[in-house]
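These notes concern the structure reproduced below.
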Amino acid sequence: MKITEIEPLPVRTREASFFLVVVHADEGLYGLGEIGMRSRPETIHGALRDLAALAVGQDATRIEHLWQLLHRGGFFPGGSDVGAAVAAIDMALWDLRGKALGVPLYDLLGGRSRERVPAYVHLLGRELPELVDNARGLVERGWTHLRIGLDDQVGDVFEPRRAVRRTLGVVRGLREALGDDVELLIDVHTRLDPAEAVLFCREVEAARPYFVEDPLRAEALESYRALRGRTGVPLAAGEQLTSKWEFRPLIEEDLIDHARIDLSNTGVTEGRKIAAMCEAHHIRVSTHNPLGPVCTAASAHVNLSLPNVGLQEQARPYGWDDTGVIVAGPRVADGAVVPADLPGLGVEIDLAAARRATPVIMNPPPRFRRDDGSFTNW
């Protein structure tokens, strides 16, 4: 089975947007992957063209070989945006393999270790009363793990210490209102410097969060050493990383409790290797997935097969039936994700409709500044 084409397929409808990659094969089948790092779409398009020059004509069943070729074939390692492009192709190759054999992806990965994948959703709202009302609505629908962000921006201005004070008040209020049976997850989104991260993590310990995610920036992972020794709160990181080598210091030095593996940045091949490293260090895999149905399905299949799973992120608590593009996909309900009972990833799309919904570029991410005008992470 030979690869004949690698098709970029960014999709934007009124209800959702996601950046798919379609790997076509000469037997008439195709596999679906999804891009995670999509804020530089022209870079991704260029990377996919370069990778296609290596992949087209290759045997689609040699997935490990193709990962090595695509990641290392430009001499300079394929991290960041290039790594995300490699990951999407890798994901699509696994989907293609499952379709060719008529089996779901989790069977190719060794079968189920669990029946369902526990998941968390994003708690939306601004002021505490609104957040509490929204949280109770989600709990009534079966969601008991709720994520909030470190948040206090006004327009495009974000001041870290002000945000720390406000978020501590929100977390305390949510814990008091919701009790101990609802788990709270806090995403700092790499917005804090080490001193601010220590202050926040130590002060929030009393609210017993499930984890604090990405308290520090990802460029210098060694900064987690100092934070780890100064707080007892569970730490999670890794959503911006693309390879086992990037994850290595976090895992080998036991600097995190939850590995935020994003399969649309690592691919299935590399993501499984990172998860195995985590198992040896008693680190749970809590997959990062604020994305579309393809990455959601891939995450669910991988998590079904793993022994060391914490949670799976699920930004949309109601799936993708409203998009007009997704014909079949994972079931999202009652605090869990279950893939469709179909071969490969179990996602079917209306390819013609998806092509009609393809924009020239995706929407850019937010860009924030501090009061003094300096740039800060969003």
- Task: Would you mind stating whether Val82 is on the phi < 0 side of the Ramachandran plot, surrounded by fewer than 13 Cβ atoms within 10 Å (Cβ to Cβ) and of a type in the set (A, V, I, L, M, F, W, C)?
- Result: no
- Message: Could you check segment 148-178 and list, in sequence order, the residues that are touching a residue at least 40 places away in the same chain (Cβ under 8 Å) and over 14 Å from Val204 (Cβ atoms)?
- Response: Gln153, Asp156, Val157, Phe158, Glu159, Pro160, Ala177, Leu178
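Yes or no, residue by residue, for (1) in contact (Cβ under 8 Å) with a residue 40 or more places away in the chain; (2) of a type in the set (A, V, I, L, M, F, W, C); (3) touching a Ser or Thr at 6+ places or on another chain (Cβ under 8 Å); (4) under 17 Å from Gly33 (Cα atoms):
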| position | (1), (2), (3), (4) |
| --- | --- |
| Ser305 | yes, no, yes, no |
| Leu311 | yes, yes, yes, no |
| Pro317 | yes, no, no, no |
| Asp322 | yes, no, no, no |
| Ala328 | no, yes, no, yes |
| Ala333 | yes, yes, no, no |
- Message: Every residue in segment 227-240 that is among the hydrophobic types (A, V, I, L, M, F, W, C) and touching an Asp or Glu at 6+ places or on another chain (Cβ under 8 Å), please.
- Response: Val233, Leu235, Ala236, Ala237
- Query: So which helices (runs of 4 or more DSSP H) stay within segment 261-378 end to end and still have 1 or more residues that are open to solvent by 50 Å² or more (accessible area, probe 1.4 Å)?
  - Reply: 263-279, 351-356
- Out of all the residues in segment 114-154, which are assigned to a loop (DSSP other than H, G, I, E, B) and open to solvent by less than 70 Å² (accessible area, probe 1.4 Å)? Arg114, Leu123, Gly125, Gly142, Trp143, Thr144, Leu150, Asp151, Asp152, Gln153
- Message: I'd like the residue in segment 196-255 that is among the aliphatic types (A, V, I, L, M) and part of a loop (DSSP other than H, G, I, E, B) and, out of all such residues, is nearest to Glu176 (Cα to Cα).
- Response: Val233
- Message: Looking only at segment 25-37, filter to residues that are in a loop (DSSP other than H, G, I, E, B) and over 12 Å from the mean Cα position of the chain (by Cα); which one of those is surrounded by the most Cβ atoms within 10 Å (Cβ to Cβ)?
- Response: Leu29
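Okay, residues lined up against (1) surrounded by fewer than 23 Cβ atoms within 10 Å (Cβ to Cβ); (2) of a type in the set (Gly, Ala, Ser); (3) under 21 Å from the mean Cα position of the chain (by Cα):
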residue: Glu7; (1), (2), (3): yes, no, no
residue: Thr13; (1), (2), (3): yes, no, yes
residue: Ile44; (1), (2), (3): no, no, yes
residue: Thr61; (1), (2), (3): yes, no, no
- Message: Ser243 - would you say it is polar (S, T, N, Q), within 30 Å of Gly267 (Cα to Cα) and touching a residue at least 40 places away in the same chain (Cβ under 8 Å)?
- Response: yes
- Message: Would you confirm whether or not segment 167-180 contains a residue that is on the phi < 0 side of the Ramachandran plot, of a type in the set (Val, Ile, Thr) and open to solvent by 10 Å² or more (accessible area, probe 1.4 Å)?
- Response: yes
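The values are calculated or read from the model by the stated rules, or taken from the named source; none is laboratory data. Everything numeric here is computed off the predicted structure, so don't read it as measured data. Every residue, glycine as well, gets a Cβ built from its backbone with ideal geometry; the counts of neighbours run over all protein chains shown. With ligands, DNA and RNA removed, areas are computed over all heavy atoms of the protein, side chains included. Shrake-Rupley method; radii C 1.70, N 1.55, O 1.52, S 1.80 Å.
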